[in-house]
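Visitor: This is the structure I have questions about; it appears just below.
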Amino acid sequence: MVKKLSIDDFLAKARTLPVIDVRSPGEYEHAHIPGAVSIPLFDNDERALVGTKYKQAGKDSAVLLGLGFVGPKLADFVKQSRRLNPQQKEVLVHCWRGGMRSGSFAWLLDTAGLTVSTLVGGYKAYRNAVLEAFAQPRQLIILGGKTGSGKTDILHELARQGEQIIDLEGLAHHKGSSYGAIGQQAQPKNEQFENLLYQDWRQLDPNRRIWLEDESRNVGSCFVPMPLWQQMRVAPVAFVDVPKSVRIQRLVQEYTGIDHTLLVEATERIRRRLGGKATQEALDALAQHDYATVADLTLNYYDKAYLHGLSQRDPVTVSQIDIAVDDPAQTAHQLIDWANKQSFIVSA
């Protein structure tokens, strides 16, 4: 017998059971529940034809057309599903609204001897849960710092030392600046970025503090959901102030050996903000592989931009923490000591 699960129960089971997404390949590629496996009931063209038939001739005609498409695939659906969990023979299934596609697929697997549960409301219900989750208040601390301060490494060191973190740049596959896509995987579509963020968000203890990097609302082409962004803008900021010379050294290490053309293109993208003279000097330095000069010149722009953004916050929420050396583990320890002394933060 097929069980119907609420979003919370479905996601709880998804921690240990395979999730089958029976939507079309196009729907899945646009965005999906992280970890879900695509076994589409219809391919993209078949889905379009069934939808058109439904509008033109009604449900019965659309169902008959759909059965014609699905019939030859039935055995393969069962084989693919069994391979996902050959020992327990239990799977989770969902479609867009939790209607005919997931219901039919689940019936087939149930008939074939698998234990099957479907998601009430389908992927649409999941998306509603995603968007609602970020409005729930959390105890956030924003890790601030100018470009090259090593915030991502510090963030991950905080996690190793027992703190809760969300790595927005890691989820977005982008470091935030004009150079931020270099060396990264292709960015997810914004909806998938939100899904990935929700996957991490819902696993955190709401009674403990959560650290996030200070970001613009957009991280490359991905946007932080507005409710979370609003929480981030009023959260306390631990601004690690790292000397420019230390930051230049880190940036040189990060970008040495990277495709020269990509560095040139990234520098050209900020020409208007950097200024014509500084841009040309940076390009000349790139031609000489003088990455320290390139970093020095571009940091003049990025430092001003970051400090301007920081000035838009309530100064009461910003605490400057001077950092002399590039040692993420030591900095993380210092930040934890600082956070534990703050009355506005729930202790970890």
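The values are calculated or read from the model by the stated rules, or taken from the named source; none is laboratory data. These numbers come from a predicted model, not from an experiment. Counting neighbours? That spans all protein chains shown, and the Cβs are built from the backbone with ideal geometry, glycine included. The protein model used for the area step is the full one, side chains on, heavy atoms only, and it has no ligands, DNA or RNA in it. Shrake-Rupley method; radii C 1.70, N 1.55, O 1.52, S 1.80 Å.
Visitor: Name the residue, out of TYR198, TYR179, that is under 27 Å from LEU11 (Cβ atoms), touching a helix residue (DSSP H, G or I) at 6+ places or on another chain (Cβ under 6 Å) and in contact (Cβ under 8 Å) with a residue 40 or more places away in the chain.
Guide: Unique residue meeting the criteria: TYR198.
Visitor: Let me ask another. Quick check on region 239-257. Is at least one of its residues touching a helix residue (DSSP H, G or I) at 6+ places or on another chain (Cβ under 9 Å), in a loop (DSSP other than H, G, I, E, B), of a type in the set (A, V, I, L, M, F, W, C) and open to solvent by less than 20 Å² (accessible area, probe 1.4 Å)?
Guide: yes
Visitor: On the given criteria, is ALA125 closer than 21 Å to GLY51 by Cβ, of a type in the set (Gly, Ala, Ser) and in contact (Cβ under 8 Å) with a residue 60 or more places away in the chain?
Guide: Yes; evaluated as a whole, the condition is true for this residue.
Visitor: In this structure, does ASP327 turn out to be over 30 Å from VAL264 (Cβ atoms), under 27 Å from the mean Cα position of the chain (by Cα) and of a type in the set (Asp, Glu)?
Guide: Spelling it out, ASP327 is indeed over 30 Å from VAL264 (Cβ atoms), under 27 Å from the mean Cα position of the chain (by Cα) and of a type in the set (Asp, Glu).
Visitor: In the list LYS3, LYS59, which residue meets the criterion of being open to solvent by 50 Å² or more (accessible area, probe 1.4 Å) and over 19 Å from VAL120 (Cβ atoms)?
Guide: Working: LYS3 fails: over 19 Å from VAL120 (Cβ atoms).
Of the residues listed, the single one that is open to solvent by 50 Å² or more (accessible area, probe 1.4 Å) and over 19 Å from VAL120 (Cβ atoms) is LYS59.
Visitor: State whether one or more residues within region 239-246 are in contact with a Ser or Thr (Cβ under 6 Å, 6 or more places away or on another chain), polar (S, T, N, Q) and at pLDDT 95 or above.
Guide: no
Visitor: Every residue in region 27-54 that is modelled with pLDDT of 95 or more and in a helix (DSSP H, G or I), please.
Guide: GLU27, TYR28, GLU29, HIS30 - these are the residues of region 27-54 that are modelled with pLDDT of 95 or more and in a helix (DSSP H, G or I).
Visitor: Please specify each residue of region 148-202 satisfying the condition of being of a type in the set (Phe, Trp, Tyr) and either touching a Leu at 6+ places or on another chain (Cβ under 6 Å) or not in a loop (DSSP other than H, G, I, E, B) (or both).
Guide: Result: PHE193, TYR198, TRP201.
Visitor: Let me ask something else about it. Are any residues in region 114-137 open to solvent by 50 Å² or more (accessible area, probe 1.4 Å) and either closer than 24 Å to VAL234 by Cβ or at pLDDT below 95 (or both), and if so, which ones?
Guide: To start, the set of residues in region 114-137 that are open to solvent by 50 Å² or more (accessible area, probe 1.4 Å) comprises 115, 120, 124, 128, 131-132, 135-137.
Answer for region 114-137, where residues must be open to solvent by 50 Å² or more (accessible area, probe 1.4 Å) and either closer than 24 Å to VAL234 by Cβ or at pLDDT below 95 (or both): LEU131, GLU132, ALA135, GLN136, PRO137.
Visitor: What tally of residues in region 306-345 results from selecting those that are among the aliphatic types (A, V, I, L, M), surrounded by 13 or more Cβ atoms within 10 Å (Cβ to Cβ), modelled with pLDDT of 90 or more and part of a loop (DSSP other than H, G, I, E, B)?
Guide: Selection size over region 306-345: 1.
Visitor: Any residue at all in region 281-302 that's within 27 Å of ALA235 (Cα to Cα), hydrophobic (A, V, I, L, M, F, W, C) and either out of contact with any helix residue (DSSP H, G or I) (no Cβ under 9 Å at 6 or more places or on another chain) or open to solvent by 70 Å² or more (accessible area, probe 1.4 Å) (or both)?
Guide: No, because not a single residue in region 281-302 is within 27 Å of ALA235 (Cα to Cα), hydrophobic (A, V, I, L, M, F, W, C) and either out of contact with any helix residue (DSSP H, G or I) (no Cβ under 9 Å at 6 or more places or on another chain) or open to solvent by 70 Å² or more (accessible area, probe 1.4 Å) (or both).
Visitor: Go through region 263-278 and give me each residue that's open to solvent by less than 70 Å² (accessible area, probe 1.4 Å) and farther than 18 Å from THR147 by Cα. Spell out how you get there, then give the answer.
Guide: Taking region 263-278 and keeping what is open to solvent by less than 70 Å² (accessible area, probe 1.4 Å), we get 263-264, 266-267, 270, 274-276, 278.
Passing the criteria: VAL264, GLY275, GLY276.
Visitor: Being over 30 Å from GLN136 (Cα atoms), over 27 Å from the mean Cα position of the chain (by Cα) and hydrophobic (A, V, I, L, M, F, W, C) narrows it down to one of LEU274, LEU262, LEU251, so name that one.
Guide: Just one listed residue meets the conditions, LEU274.
Visitor: Quick test of your reading of the structure: PRO25 fulfils all but one of (1) closer than 18 Å to ARG127 by Cβ; (2) touching a strand residue (DSSP E or B) at 6+ places or on another chain (Cβ under 9 Å). Name the failing condition by number.
Guide: (1)
Visitor: Across region 9-43, which residue is most open to solvent (accessible area, probe 1.4 Å) among those that are within 20 Å of the chain's Cα centre (by Cα) and acidic (Asp, Glu)?
Guide: Among those residues, the one meeting the criterion is GLU29.
Visitor: Could you tell me which residue of region 103-134 is nearest to ASP8 (Cα to Cα), considering only residues that are β-branched (Val, Ile, Thr) and in contact with a strand residue (DSSP E or B) (Cβ under 9 Å, 6 or more places away or on another chain)?
Guide: Taking region 103-134 as the starting set, the residues that turn out to be β-branched (Val, Ile, Thr) are 111, 115-116, 118, 120, 130.
Subsequent filtering for residues that are in contact with a strand residue (DSSP E or B) (Cβ under 9 Å, 6 or more places away or on another chain) retains 115-116, 118, 120.
Numbers: THR115: 19, VAL116: 16, THR118: 12, VAL120: 10 Å.
Filtering first and then ranking leaves VAL120.
Visitor: May I ask you to verify whether ARG217 is open to solvent by 20 Å² or more (accessible area, probe 1.4 Å) and of a type in the set (Lys, Arg)?
Guide: So ARG217 fits the description; yes.
Visitor: Can you spot a residue in region 55-76 that is at pLDDT 95 or above, of a type in the set (A, V, I, L, M) and out of contact with any Asp or Glu (no Cβ under 7 Å at 6 or more places or on another chain)? It would help to see each step written out before you state the result.
Guide: Within region 55-76, the first condition is being at pLDDT 95 or above, and the residues that meet it are none.
Looking for residues that are at pLDDT 95 or above, of a type in the set (A, V, I, L, M) and out of contact with any Asp or Glu (no Cβ under 7 Å at 6 or more places or on another chain), one finds none in region 55-76, hence no.
Visitor: Within region 73-86, can one find any residue that is in a loop (DSSP other than H, G, I, E, B), surrounded by fewer than 18 Cβ atoms within 10 Å (Cβ to Cβ) and under 30 Å from the mean Cα position of the chain (by Cα)?
Guide: Yes, some residue in region 73-86 is in a loop (DSSP other than H, G, I, E, B), surrounded by fewer than 18 Cβ atoms within 10 Å (Cβ to Cβ) and under 30 Å from the mean Cα position of the chain (by Cα).
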